[in-house]
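Everything below concerns the one structure shown next.
The values are calculated or read from the model by the stated rules, or taken from the named source; none is laboratory data. Since we're looking at a predicted model, the values are computed, not measured. All Cβ positions, even for glycine, are placed from backbone atoms using ideal geometry, and neighbour counts span all protein chains on display. Quick note on the areas: whole protein, heavy atoms, side chains included, nothing else; ligands and nucleic acids left out. Shrake-Rupley method; radii C 1.70, N 1.55, O 1.52, S 1.80 Å.
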Amino acid sequence: MSVDTTGGNLLEVRGLTKIFGTLKACDGVDLTIRKGEIHALLGENGAGKSTLVKMLFGSLEPHSGEIRWNGKPVTISSPSVAKKLGIGMVFQHFSLFEALSAAENIALSLADQTPISTIAAKAQALSYSYGLPLDPYSVVGDLSVGERQRIEIIRCLLQTPELVILDEPTSVLTPQEADKLFETLERLRVEGKSILYISHRLEEVKRMCDAATVMRHGKVVAHCDPRQETAASLARMMVGSEVHAVVRAPVEGVERAEALLEIRNLNRKPATPFSVPLRNISLNVRAGEVIGIAGVAGNGQGEFFEAISGEATQPDAGTIRIRGKDAGRLSITGRRLLGAAFVPEERLGHGAAPRMKLSENLLLSRYATDSKAFLGPAGFVKESTIDAATQRIIKDMDVRKSARDPEAAALSGGNLQKFIIGRELDRQPTVMVVNQPTWGVDAGAAAKIRQSLIELARSGSAVLVISQDLDELFEISDAIAVMHNGALSQPLSRTEATLEKIGLLMGGAEPGHVDHGLETA
Amino acid sequence: MRIELVRRPQHSALFSALSPFIALGLTLVAGAIMFSLLGKNPVDALYYYFIDPLTGIWDPGNRWQLHELAIKAAPLILIAVGLSVCYLSNNWNIGAEGQFIIGAVVGSFIPVVFPGWHSWIVLPLMLLLGMLGGAAYAAIPAFFKVKFNTNEILTSLMLVYVAQLFNDWLVRGIWRNPEGMSFPGTIRFSEWAILPQVWPESGRAHWGFVFALVAAVVVWFMLSKTLKGFEVKVLGQSPRAGRFAGFSSGKVVFFAFLLSGALAGLAGISEVAGPIEHLNEKISIGYGFTAIIVAFLGRLNPLGIVAAGIILALTYLGGESAQIAIGVSDKAVRAFQGMLLFFVLACDTLIHYRVRIAGAPAAKAAETKAGEATQGA
């Protein structure tokens, strides 16, 4: 056809600009995606990636600039227009109804009246063929983050898009799962589809992507071929300066150090019919060390976190001991008063109240431990002290924000996470338990968070990190244990732990019988 | 053309302040339309509703009307202040009317059963019993909610009818005044059991209005300056974050219901010990329900509730004067109050959303282009 005079360019973006108030979130952005290309979009949090992608998907209206699709100028006024064009999107923050099943959620995004059973069958077939197993009848509310992402991906692929936009897709996958996803993407590329791949994992980008566009502060700073670059040079383009690699000095004498967090035969019945029971978990975290808990999403990590934090208490007080004191029956406040600090997986609505200011969210987790500083007689809240502490944390953790004391929901994910971690670090906790410390956080912020966790451990605290990001665990942990189906393996020291061993344990090799697991492999 | 609501990134401080006024304005417009449809001159009707009861401000001869306004506003403010704590903590207490009645009944126990007890302690005891009665009655839906996860909207509302019939049975039965010519109602309270008037020279407003102002200031301070208020707001907005903070949602359910029950009970006993001076079957003119409107019109802020209580009290007085002057049915008052609540809730949308009017032609053009491009591919 005569239209195709653009040399195989599927999407061309010229001078796209979006202004929020006085902030130019996207400033004259150019982007070209060729047919059958995996194109990486790199940038720190707040660089304007999400804004750009939302304009491509029709959720935001650009102020100026041009979008050409197959060489023709188009106005993408809504997501349904984008879908008609053939643009599919997998969001970083999922847009799923928790009370509905996976298949029903997929049905909602399809315009036609296809029966649920047909959709379920299609979704299941597609999910297995792409290596993303999924039970279409499971209720979303009971699924883990990783499983929810699969629904999003399947939902997108069911519409046979020409361009698939993936926002941080591998952050919740095991290495094996990620490999499967890469195979999926490879297959899509061979089929002639284009992919816009947003990620902060530079190794991944180097391995898979044909081209990359790097954004910083709303502007495109480079178009490059990632295979010609090093991870360090890509990071430099994103951040504008060197990213300091996380430094992990080896610790000595940890075996002799005091165990600050002790877990003894922790069992927990499933709280809902779909949650995972915890099976006889035992673990010591000693002063000075970082222990990582690896595992595929939905294997009991959330339940484990709630049991340690005291959001769910145990009948036997000796099950959890903090600094040598029985804490099993204590509430989360009681455990905090013993010196423990907690950072949950969900930032909005669990770690922070979305519509409350940062200063109020500081009070949220620290009113009991810092009652002398923050509260006066009769529970009077000392706003000036809290405000000073809030600004101190914002400065220490380099939290970027649009107002002096904004609502938590107004911050980007990475910046809010920096604040939530900083809120706990600020009180120098003796025991720190973090679930998914850097999920969806950009390279610069993630490095900052990881380094601060290591430093906390080296200053004599016990740090427990639950994460699905294996690179992260290998970067910061002194030992790694794997959670599978509610049971926890023995921790493997860094010298023993290999990606392969951990991957096998994640896949269900018998915990505690590591060697046996390897033999059968 | 289509109207879209677009979520604001931050809530709008401007519309937080403006929305009650927009709602009031829209209510006036809708009210004027309603009066025209009834065949009344809307200007006259609105005058009798909203200006006539206020003539006491500049006319000393009508000063008694301001006292009447305070009498009507007192129970509305007391109840609505308590309800604001409930609603902020996501506890939908709809049964303040019942708690008001039970407060009045329990507080009346002393003057009805021991009419001969003449002591200064009688009145404080009555007020205390009134608060305890209201709180105990509100504890029932709270208990069911915490223990069995029942819906407190239904339980608290149903208990209103129980309270009304219980009071009716008392004042027609065992508590009926033997010298009351068979009219339902208890004996007149002794002077020791009567709430004094604040300023008897110019009108009959009683100490209930002072209680309402004190309650508003104390609860405002509690909500905005103390940890308890923070707990209430966190659990209301974000229950999971509240549990992460270590707050107990069960305790806050009880706290909110007991506090609002106590204030409703205080309003009830103040009403019977104040202007009515005995217990009868129609001690409330729907204060407990109207207070829900007051709470929302006051933006769930106790200080705003004082202003909102006075405005709603005005509709009661205005309803009476309009009925007398131009013969509008007294049912028009309820219609007014209903419209006000409707517009208040509707206008609150503007705080978190902005309205965008998307022109149909542009969208259509875009779709056409999109369609062409797809065909091109």
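Average partner chain C-beta neighbours within 10 Å, per residue of B:241-254?
5
Using helices alone, I'd like the mean residue ellipticity at 222 nm for chain B: each DSSP H run of four-plus residues gives -39500 (n - 2.57), total over residue count, nearest 500.
-23500 deg cm²/dmol
Any chance you could run the full-extension gain for A:K219 through A:A99? It's 0.36 nm times the residue separation minus the Cα-Cα distance, nm to one decimal.
39.2 nm
Roughly what % of Cα-Cα distances in the protein assembly as shown sit above 40 Å, to the whole percent?
50
Between B:W192 and B:F221, what FRET efficiency follows from the Cβ-Cβ distance if R0 is 30 Å, with the result rounded to 0.05? Intermediate results must be reported in sequence, preceding the final value.
Details: r = 33 Å, r/R0 = 1.09.
Approximately 0.40, to the nearest 0.05.
Compute the semi-axes of the equivalent ellipsoid of region A:225-322, taking the square root of 5 times each eigenvalue of the Cα gyration tensor, and list them largest first in whole Å.
Values: eigenvalues 274, 94, 21 Å².
Whole-Å semi-axes of the equivalent ellipsoid: 37, 22, 10.
Any idea how far apart A:S459 and A:T160 come out in nm if each label point goes 7 Å out from Cα toward Cβ?
Calculated label separation equals 5.8 nm.
State, in angstrom, two size descriptors of region B:61-311 derived from its alpha carbons: Rg to one decimal place and Dmax to the nearest whole number.
When restricted to Cα atoms, region B:61-311 yields Rg and Dmax of 18.1, 62 Å.
Take the cross-link list A:K72/A:K401; A:K24/A:K357; A:K269/A:K325; A:K180/A:K418; A:K180/A:K501 and give me the ones stretching past 29 Å between alpha-carbons.
Working: A:K72/A:K401 38 Å; A:K24/A:K357 24 Å; A:K269/A:K325 24 Å; A:K180/A:K418 31 Å; A:K180/A:K501 18 Å.
Going by Cα-Cα distance, A:K72/A:K401; A:K180/A:K418 fall outside the 29 Å limit.
Return the value, in Å² to the nearest 100, of accessible area buried between chains A and B (probe 1.4 Å, both sides summed). All intermediate terms of the calculation are to be shown ahead of the outcome.
Values: alone 21940 and 18600 Å², together 37420 Å².
That pair hides around 3100 Å² of surface in total.
Cα centroid distance between region A:452-514 and region A:269-332, in Å?
Comparing the Cα centres of region A:452-514 and region A:269-332, I get a distance of 15 Å.
Which of the three applies to region B:90-234, rounded, prolate or oblate, going by the alpha-carbon gyration tensor with a ≥ b ≥ c and a/c under 1.5 meaning rounded? Kindly include the intermediate steps, with their values, before the conclusion.
On the way: a/c = 2.48, a/b = 1.32, b/c = 1.88.
Here region B:90-234 falls in the oblate category.
Could you give the nm distance between label points at B:H352 and B:I57, where each point is 7 Å from its Cα heading toward the beta carbon?
3.5
So if R0 is 25 Å, what FRET efficiency would A:D30 and A:D396 give, r being the distance between their Cβ atoms, rounded to the nearest 0.05?
Efficiency at R0 = 25 Å is approximately 0.10.
Give the peptides A:249-260, A:62-73, A:153-164 in descending order of average Cβ contacts within 10 Å, highest first.
Sorting A:249-260, A:62-73, A:153-164 by mean packing, highest first, produces A:153-164, A:62-73, A:249-260.
Taking each pair of different alpha-carbon atoms in region A:9-239 once, compute 1/r for the pair, average those values, and report the inverse of that mean as the Kirkwood hydrodynamic radius in Å to one decimal.
18.0
Counting only C-alpha contacts under 8 Å and six or more residues apart, can you give the relative contact order of chain B as a whole percent?
The normalised contact order for chain B reaches 34 percent.
On a full-extension model of 0.36 nm per residue, what is the gain between A:A403 and A:T230, subtracting their alpha-carbon distance, rounded to one decimal in nm? All intermediate terms of the calculation are to be shown ahead of the outcome.
Numbers: separation 173, 0.36 × 173 = 62.28 nm, distance 3.62 nm.
The span from A:A403 to A:T230 would gain 58.7 nm if fully extended.
On average, how many beta carbons from a partner chain sit within 10 Å of the beta carbon of a residue in A:77-83? Intermediate results must be reported in sequence, preceding the final value.
Numbers: counts 9, 6, 0, 2, 7, 1, 1.
The shielding value for this peptide is 4.
Please compute P(r) over all alpha-carbon pairs of chain A, binned at 20 Å starting from zero, and give each bin as a whole-number percent.
21, 55, 23, 1
Work out the mean other chain Cβ neighbour count within 10 Å for the residues of A:66-75 and drop it here as an integer. Don't skip to the end; give the middle numbers.
Values: counts 0, 0, 1, 7, 6, 3, 8, 2, 7, 8.
Averaged over the peptide's residues, the number is 4.
Could you list the trypsin sites (Lys or Arg not before Pro) in region B:250-311 that lie in coil according to DSSP, counting only those with at most 16 other Cβ atoms within 10 Å of their Cβ? Kindly include the intermediate steps, with their values, before the conclusion.
Values: sites: B:K251, B:K282, B:R299; in loops: B:K282, B:R299.
Here the trypsin sites (Lys or Arg not before Pro) that fit, given the DSSP loop and packing criteria, are B:K282.
Quick test of the membrane-span-like rule: which DSSP H helices of chain B reach at least 20 Å along their long axis (C-alpha atoms) with mean Kyte hydropathy at least -1.0?
Passing helices, by number: B:13-37, B:63-88, B:96-113, B:122-148, B:152-172, B:208-225, B:249-271, B:302-326, B:331-352, B:360-376.
Calculated from DSSP H runs of 4 or more alone, at -39500 (n - 2.57) each and per residue, what is the 222 nm mean residue ellipticity of chain A, nearest 500?
-10000 deg cm²/dmol
How much length is gained on full extension from B:W64 to B:F109, taking 0.36 nm per residue of separation minus their Cα-Cα distance?
Value of the extension gain: 13.1 nm.
Once you put a point 7 Å from the Cα of B:V214 and another 7 Å from the Cα of A:A373, both along the Cβ direction, what distance in nm separates them?
Between B:V214 and A:A373, the simple spin-label model gives 3.8 nm.
Report P(r) for region A:349-428: all Cα-Cα distances, bin width 5 Å, range 0 to the bin holding the largest distance, values in whole percent.
3, 17, 30, 26, 16, 6, 2, 0
To the nearest 0.05, what FRET efficiency results for A:E255 and A:R14 with a Förster distance of 56 Å applied to their C-beta separation?
0.35
With an 8 Å Cα cut-off and a minimum separation of 6 or more residues, compute the relative contact order for chain A in percent.
Taking the mean separation of contacting Cα pairs over the length of chain A, I get 15 percent.
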